[in-house]
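The values are calculated or read from the model by the stated rules, or taken from the named source; none is laboratory data. This is a predicted model, so every value here is computed, not measured. Heads up, the Cβs are rebuilt from the backbone with ideal geometry, glycines too, and the neighbour counts pull from every protein chain shown.
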Amino acid sequence: MHVKSSTFSTGPLPLVVEPEDVATPSARSLVAWIGGNAPWLGAELLIHGGILLRGFAVHESTDFQQVAQALVPELKPYVEGQSPRTKVTDRVYTSTAYPPQFSITLHNELSYAKEPPRWLLFHCHTPCPVGGETAICDVRRVYEKVRPDVRSRFETKGVKYVKNMHGGAPGGFGKSWMDHFETSDRKEVESYLAANGIRYEWLRNGALRTISIRPGVVKHPVTKETHWFNQANLWHISNFEPRRREQLMRLCGEEKLPTHAYFGDATVIRDEELDLVRKVMWANAISFRWQRGDVLLLDNYLVAHGRNPYEGPRKILVAMG
């Protein structure tokens with residue numbers, strides 16, 4: 001199988017890899033090609049941050065899992081993940097379930113975890129007719145363009161993430177702790193939290209509060225480039241539209257919000273600081289129309305992702321490793 005590579009007019013992200021053959025190559029052919037071109041793919045990913053495999057017959061979740069495991073042999077479960085998802089196969093999930101009329105803020109997956117996934121994979125099963133693009137953004141550029149005084153505070157202080165997870169009670173906000181950690185065994189959860197440096201407290205009605213302090217800026221493990229890497233802009237209450245924000249503050253109070261973020265020294269991150277971060281990220285984001293069968297591989301340390309609003313049916317699958 002022969003392929004060709006190119007980029008969109010919007011810039012180097014992502015690199016688009018397509019078959020030169022007239023017939024559509026099968027998922028099995030793609031898996032074989034990946035096996036023979038892994039070093040090239042790895043080198044290109046460090047340059048571009050993302051690779052879009054387009055024009056291959058990757059139609060079902062089983063096809064996607066085969067391709068994903070060819071690219072990233074050890075896929076990870078979505079443990080500690082904040083977003084509501086449905087598990088499709090052992091290591092494949094639906095993308096974030098969030099009202100279609102809203103965008104999803106750009107972020108690096110699980111950047112609040114001790115060991116975030118290095119790679120993130122998306123698969124377009126059903127492209128929607130209007131909107132729904134997965135926006136992507138090179139966080140090396142974000143680090144360069146965030147105002148120096150704001151960047152310095154994140155770089156020196158880090159981010160304190162506070163999460164409140166209900167214990168399965170009806171009407172609880174967000175995901176339960178059982179969904180977050182994919183287990184109902186408290187001892188297993190406590191072992192995970194201790195191993196990952198996360199403080200915790202069991203609350204009334206079986207709820208769980210966790211507190212972790214993570215970097216706001218990191219160096220890439222291979223290229224050693226410094227880049228923006230945190231989810232304060234997504235966890236902070238200012239991420240919600242005003243009506244939802246007011247409702248959550250009234251019902252929960254700041255201490256019991258499902259998620260919230262502070263600087264690592266527990267000082268307040270001002271709304272305007274995070275508004276600036278979001279503005280920079282969206283100004284440097286690119287979006288492209290999904291096509292059925294697309295597989296997008298991202299270096300999760302180099303590229304943040306989000307979602308544009310949409311109308312109609314849409315099914316995007318996700319795996320990580």
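Couple of notes before you dig in:
- Here Met165 fulfils each of the conditions (1) in contact (Cβ under 8 Å) with a residue 40 or more places away in the chain; (2) out of contact with any Gly (no Cβ under 9 Å at 6 or more places or on another chain) apart from (2).
- Pick from the stretch 35-57, criterion surrounded by 20 or more Cβ atoms within 10 Å (Cβ to Cβ) and touching a helix residue (DSSP H, G or I) at 6+ places or on another chain (Cβ under 9 Å), ranking: farthest from Val72 (Cα to Cα): Phe56
- Strands (runs of 3 or more DSSP E) contained entirely in the stretch 235-321, each with at least 1 residues that are touching a Leu at 6+ places or on another chain (Cβ under 7 Å): 295-299, 303-307, 315-320
- The residues of the stretch 199-219 that are of a type outside the set (S, T, N, Q) and in contact (Cβ under 8 Å) with a residue 24 or more places away in the chain, listed by number, are Leu203, Gly206, Ala207, Leu208, Arg209, Ile211, Ile213, Arg214, Pro215, Gly216, Val217, Val218.
- Residue list for the stretch 181-212, filter: under 16 Å from Leu110 (Cα atoms), assigned to a helix (DSSP H, G or I) and of a type outside the set (A, V, I, L, M): Phe181, Tyr192
- Tyr301 buried (at least 22 other Cβ atoms within 10 Å of the Cβ) and of a type in the set (Ser, Thr, Tyr): yes
- Scope the stretch 290-321; condition more than 16 Å from the chain's Cα centre (by Cα) and either modelled with pLDDT under 95 or among the small types (Gly, Ala, Ser) (or both); matching residues: Gly293, Gly312
- So Val72, is it at pLDDT 95 or above and surrounded by 20 or more Cβ atoms within 10 Å (Cβ to Cβ): no
- Failed condition for Met178, given (1) surrounded by 18 or more Cβ atoms within 10 Å (Cβ to Cβ); (2) modelled with pLDDT of 95 or more; (3) assigned to a helix (DSSP H, G or I): (2)
- Residue within the stretch 275-293 that is at positive phi and surrounded by 13 or more Cβ atoms within 10 Å (Cβ to Cβ) present: yes
- Residue satisfying condition, being surrounded by 17 or more Cβ atoms within 10 Å (Cβ to Cβ) and not in a strand (DSSP E or B), within set Pro99, Pro117, Pro77: Pro117
- Condition met for Val222 (under 27 Å from Leu46 (Cβ atoms), crowded, with 19+ Cβ neighbours inside 10 Å and in contact (Cβ under 8 Å) with a residue 24 or more places away in the chain): no
- Residues of the stretch 170-186 include at least one that is touching a residue at least 60 places away in the same chain (Cβ under 8 Å), of a type in the set (Phe, Trp, Tyr) and touching a Leu at 6+ places or on another chain (Cβ under 8 Å).
- Selection of the stretch 82-133 for residues being acidic (Asp, Glu) and under 15 Å from the mean Cα position of the chain (by Cα) yields Glu109, Glu115, Glu133.
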